[in-house]
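> One structure coming up, written as structure tokens, with questions to follow.
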Amino acid sequence: MREVRLSLFGFGNVGRAVAEVLIGKEALFREKYGLEFRVVSISDTSGTVWLPEGIDLREALMVKENFGRLSAWTNDYEVYNFTPEEAVREIDAEVVIDVTNDRDAWRWHLAALRDGKGLVTSNKPPLAFHYGELVGEAERRNLPYLFEATVMAGTPVIGILRENLLGDSVKRIKAVLNATTTFVLSRMEQGIDFENAVKQAQELGIAERDPRGDLLGTDAGYKATILHCVAFKTITFDEISVKGIVEVTADEVKRAVARGRKIRLVATVEEGNVRVAPEEVEGPLAVSSNENVAVIETDLLGELVIRGAGAGLKETASGVVSDIVKASLALRGG
């Protein structure tokens, strides 16, 4: 049995979902992979709980649920006021997990890699702006740097591009990558106005309290940038073209429906060219609800369609935990 020490950054909805999977699948990890995970630290915005012997995840979930912050756990654990960079250097862990929204996390990702730790993340901006530096550092040190959940949650488009199309040359990727905009446009097709469609998405937990990053296309742009980096070469978010759905009118939606088509926020990824904009689509790209889809065109395989949930806590946790297993096996020579 191989014990793997984990350090978890972010204990909001996704972080808690990851903790629940680590608890619920404990027997699977032991029996199928010979892995036993020990979470030695958890960080939220209130501080870092650190226990080298391992934190009781059930108790951590209960504290967060009842008090909303880990710093309330002072009776049982000492809470440290580390910066993330201090934490990754101080805490003895083999795999660092970032499920935060910290735009500057690339700095402590680098610190973790330079300290010999593997890294798993669902955080998009570090890769959208610093992909080359981060992946290059990991490769130089022969360390896992895994980010499946940054694009399409747990639907394994990153894994397919990085691991399964090694003899293919990708020609183009067309994808619908943002669940909020798909939900809003789907509701507009039913006659609901834009503002109420956004409100429904927020009430259902599909959209954030501040949905501008989704509606303006920023989130899809981050994901499209990452796809380009994986499929072709390194670029940054600043080099791509992005237009969101805020200017899409009810009349445009109706006209598309009358033609048997749908308007979706589409990312087109070609070598040296990435654009995100609303388009009239049919066929595989005409997804509904919170689905994502990517249509990958290659020279050998032709057209490959990958479709699945692009949002959701279990779905995102699926991608993160899969990467934790991969990283752990890589570090232990599995």
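> Regarding the stretch 123-136, can at least one residue be identified that is in contact with an Asp or Glu (Cβ under 6 Å, 6 or more places away or on another chain), open to solvent by less than 10 Å² (accessible area, probe 1.4 Å) and under 21 Å from Val14 (Cβ atoms)?
Going through the stretch 123-136, the residues in contact with an Asp or Glu (Cβ under 6 Å, 6 or more places away or on another chain) turn out to be 123.
Cutting the leftovers down to open to solvent by less than 10 Å² (accessible area, probe 1.4 Å) gives us 123.
Checking which are under 21 Å from Val14 (Cβ atoms) leaves us with 123.
Yes, the stretch 123-136 contains at least one residue that is in contact with an Asp or Glu (Cβ under 6 Å, 6 or more places away or on another chain), open to solvent by less than 10 Å² (accessible area, probe 1.4 Å) and under 21 Å from Val14 (Cβ atoms).
> Only one of Asp92, Asp76 is closer than 19 Å to Glu3 by Cα and open to solvent by 70 Å² or more (accessible area, probe 1.4 Å); which?
Selected residue: Asp92, the only one of Asp92, Asp76 that is closer than 19 Å to Glu3 by Cα and open to solvent by 70 Å² or more (accessible area, probe 1.4 Å).
> Somewhere in the stretch 194-216, is a residue assigned to a loop (DSSP other than H, G, I, E, B) and in contact with a strand residue (DSSP E or B) (Cβ under 7 Å, 6 or more places away or on another chain)? Break it down stepwise before answering.
Kept after step one, since they are assigned to a loop (DSSP other than H, G, I, E, B), are these residues of the stretch 194-216: 204-211, 216.
When the remaining residues are screened for being in contact with a strand residue (DSSP E or B) (Cβ under 7 Å, 6 or more places away or on another chain), the result is none.
For the stretch 194-216, residues assigned to a loop (DSSP other than H, G, I, E, B) and in contact with a strand residue (DSSP E or B) (Cβ under 7 Å, 6 or more places away or on another chain): absent.
> Then there is this: How many residues does the stretch 161-189 hold that are part of a loop (DSSP other than H, G, I, E, B) and farther than 24 Å from Leu265 by Cβ?
Let us first name the residues in the stretch 161-189 that are part of a loop (DSSP other than H, G, I, E, B), namely 165-169, 177-178.
Checking the rest, the ones that are also farther than 24 Å from Leu265 by Cβ come to 165-169.
The number of residues fulfilling the criteria is 5.
Residue-by-condition table, conditions (1) in contact (Cβ under 8 Å) with a residue 60 or more places away in the chain; (2) among the basic types (Lys, Arg); (3) surrounded by fewer than 22 Cβ atoms within 10 Å (Cβ to Cβ):
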position	(1), (2), (3)
Ala153	yes, no, no
Pro156	yes, no, yes
Leu165	yes, no, yes
Ile173	yes, no, no
Asn196	no, no, yes
Asp210	no, no, yes
Thr218	no, no, yes
Leu227	yes, no, no
Val242	no, no, yes
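> Show me the strands (runs of 3 or more DSSP E) entirely contained within the stretch 45-145 in which 3 or more residues are within 25 Å of Ser322 (Cβ to Cβ). First the steps, then the outcome.
On the way: elements: 47-50, 95-98, 118-121.
Hits in the stretch 45-145: 95-98, 118-121.
> When Lys233 is evaluated against the numbered criteria (1) without any contact (Cβ under 8 Å) to a residue 40 or more places away in the chain; (2) under 17 Å from Lys171 (Cα atoms); (3) open to solvent by less than 40 Å² (accessible area, probe 1.4 Å), which criterion, by number, is the only one it fails?
Of everything listed in (1) without any contact (Cβ under 8 Å) to a residue 40 or more places away in the chain; (2) under 17 Å from Lys171 (Cα atoms); (3) open to solvent by less than 40 Å² (accessible area, probe 1.4 Å), Lys233 misses just condition (3).
> Output the qualifying pairs, or none if there are none: Cβ atoms under 7 angstrom, residues six or more apart or on different chains, first residue in the stretch 305-334 and open to solvent by 10 Å² or more (accessible area, probe 1.4 Å) and assigned to a helix (DSSP H, G or I), second residue among the hydroxyl-bearing types (Ser, Thr, Tyr) and at pLDDT 95 or above.
Within 7 Å, the pairs are Thr316/Ser122; Val325/Tyr33; Leu329/Tyr33.
> Turning to a different aspect of this structure: In the stretch 251-279, which residues are among the charged types (D, E, K, R) and either at pLDDT below 95 or open to solvent by 60 Å² or more (accessible area, probe 1.4 Å) (or both)? Spell out how you get there, then give the answer.
Our first condition is that a residue be among the charged types (D, E, K, R); within the stretch 251-279, this holds for 251-252, 254-255, 259, 261-262, 264, 270-271, 275, 279.
Asp251, Glu252, Lys254, Arg255, Arg259, Arg261, Glu271, Arg275, listed by residue number.
> Please pick out the residue among Leu313, Leu300, Leu304 that is at pLDDT 95 or above and under 22 Å from the mean Cα position of the chain (by Cα).
Numbers: Leu313 fails: at pLDDT 95 or above; Leu300 fails: under 22 Å from the mean Cα position of the chain (by Cα).
Of Leu313, Leu300, Leu304, the one residue that is at pLDDT 95 or above and under 22 Å from the mean Cα position of the chain (by Cα) is Leu304.
> Would you be able to tell me the number of residues in the stretch 198-208 that are open to solvent by less than 40 Å² (accessible area, probe 1.4 Å) and either within 16 Å of Thr150 (Cβ to Cβ) or touching a residue at least 24 places away in the same chain (Cβ under 8 Å) (or both)? First the steps, then the outcome.
As a first pass, look at the stretch 198-208 and keep what is open to solvent by less than 40 Å² (accessible area, probe 1.4 Å): 198, 201, 207.
Then keep just the ones that are either within 16 Å of Thr150 (Cβ to Cβ) or touching a residue at least 24 places away in the same chain (Cβ under 8 Å) (or both); that gives 207.
Summing the residues that are open to solvent by less than 40 Å² (accessible area, probe 1.4 Å) and either within 16 Å of Thr150 (Cβ to Cβ) or touching a residue at least 24 places away in the same chain (Cβ under 8 Å) (or both) in the stretch 198-208 gives 1.
> Output the residues belonging to the stretch 281-301 that are open to solvent by 30 Å² or more (accessible area, probe 1.4 Å) and out of contact with any helix residue (DSSP H, G or I) (no Cβ under 7 Å at 6 or more places or on another chain). Walk me through how you get there before you give the answer.
So the first thing to find is which residues in the stretch 281-301 are open to solvent by 30 Å² or more (accessible area, probe 1.4 Å), and the list is 282-284, 288-291, 297, 299-301.
Result: Glu282, Gly283, Pro284, Glu297, Asp299, Leu300, Leu301.
The values are calculated or read from the model by the stated rules, or taken from the named source; none is laboratory data. None of these values were measured; they are calculated from a predicted model. Methodologically, a virtual Cβ is constructed for each residue, glycine included, from the backbone with ideal geometry; neighbour enumeration extends over all protein chains shown. Note: areas computed on protein heavy atoms with side chains; ligands, DNA, RNA excluded. Shrake-Rupley method; radii C 1.70, N 1.55, O 1.52, S 1.80 Å.
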